[in-house]
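Visitor: My questions will all concern the structure given below.
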Amino acid sequence: MRVVALFAIAVVSLVPSLARADDSLARFKGGIGADGVSGAPGTGPTAAVVTRNIVRGVQPPAQLWAIAAFTADVKADGHITADGRGLVFAGGNTIGTALVVTPAGGTATLNVFATLICENVPPFVERNTKAVPLSADGDFRINDVVSPAPPAVCNTPVLLIRNAANLNWFAAGIQKFDDDE
């Protein structure tokens, strides 16, 4: 009888943690680097007009960016963990690094933050984390809570990694659905 009672207590104590194990609001696996231009109409060798790659109201960077690996999990309470690897310039003189050349000719590191946007039509609500440093090889880790708090349902989430200095987006997470492995 004692064994049954201990087993019942163990099962009951696990049930709340099992319920919390899947309280994800949105998950992301993989990332897309930013390209400042999303289109250029016409067939000639140059474009007189280009369409900027603005994502839900957030401006793109002036230079191409790439990201090697990205995962993120946003919980229903707004807690977010995000891990990015190899977020680097994909063009220009600093290609392959995350270093910015300063006016004096030196280099500086960037700070990045995450923005969760659940709305797919305006007005868009930007739910942001605090900024973290981006290493010279483009690695970062975010463990924070987005503010303002997310809605109870986020059917069309976009998660952007952004430059803390100018607020442009560098990378976007690829949404991971429950049936993905």
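None of the figures in this text is laboratory data; all of them are computed from the coordinates on show. Computed from a prediction, not measured in an experiment: that's the story for all the values here. Neighbour counts run over all protein chains shown; Cβ positions are idealised from the backbone, glycine included.
Visitor: For segment 24-176, take the alpha-carbon Rg, divide it by the Kirkwood Rh, and send me Rg/Rh. Spell out each step's value before the answer.
Guide: Working: Rg = 15.8 Å, Rh = 15.9 Å.
Ratio of gyration radius to Kirkwood radius: 0.99.
Visitor: Additional query: Considering amide H positions built from the backbone, and no H for Pro or chain starts, which residues 5 or more places from Arg56, or on another chain, come under 5 Å of its amide H?
Guide: Under 5 Å from the amide H of Arg56: no residue qualifies.
Visitor: A further question follows. Give me the dipole magnitude in Debye, nearest 20, for the chain about the Cα centre, with unit charges on the beta carbon: positive for Lys and Arg, negative for Asp and Glu.
Guide: 240 debye
Visitor: Could you calculate the contour length gain from Ile32 to His79, that is, 0.36 nm times the residue separation minus the distance between their Cα atoms, to one decimal place in nm?
Guide: Length gained between Ile32 and His79: 14.7 nm.
Visitor: On to the next question. Under 5 Å between amide hydrogens, which residues at least 5 positions from Ala26 or on another chain qualify, with H placed 1.01 Å from N in the peptide plane?
Guide: When sequence neighbours closer than 5 places are left aside, the close amide H contacts are Val74.
Visitor: Hey, what angle do you get for helix 2-21 against the long axis of the chain, alpha-carbon based, 0 to 90 degrees rounded to 10?
Guide: For 2-21 against the chain, the angle is about 20 degrees.
Visitor: If each residue of separation counts as 0.36 nm, what is the full-extension length gain between Thr102 and Val49 once their alpha-carbon separation is subtracted?
Guide: Working: separation 53, 0.36 × 53 = 19.08 nm, distance 2.98 nm.
Once the chain is fully extended between Thr102 and Val49, it gains 16.1 nm.
Visitor: Across segment 23-30, in residue order, what do the Karplus-derived ³J(HN,Hα) couplings come to in whole Hz, using 6.51 cos²θ - 1.76 cosθ + 1.60 with θ = phi - 60° and x for Gly and Pro?
Guide: 9, 6, 8, 7, 10, 9, 9, x
Visitor: Continuing with the same structure: For segment 24-176, what's the relative contact order in percent, using C-alpha pairs closer than 8 Å and at least 6 residues apart?
Guide: 28 percent
Visitor: Once the principal axes of the Cα atoms of segment 26-108 are found, what is the range along each, listed largest first in whole angstroms?
Guide: Cα extents, longest axis first: 48, 36, 20 Å.
Visitor: Here's something else I'd like to know. Gaussian network model of the chain, Cα springs within a sub-10 Å range: biggest mean-square fluctuation belongs to which of Val121, Val100, Val37?
Guide: Val121
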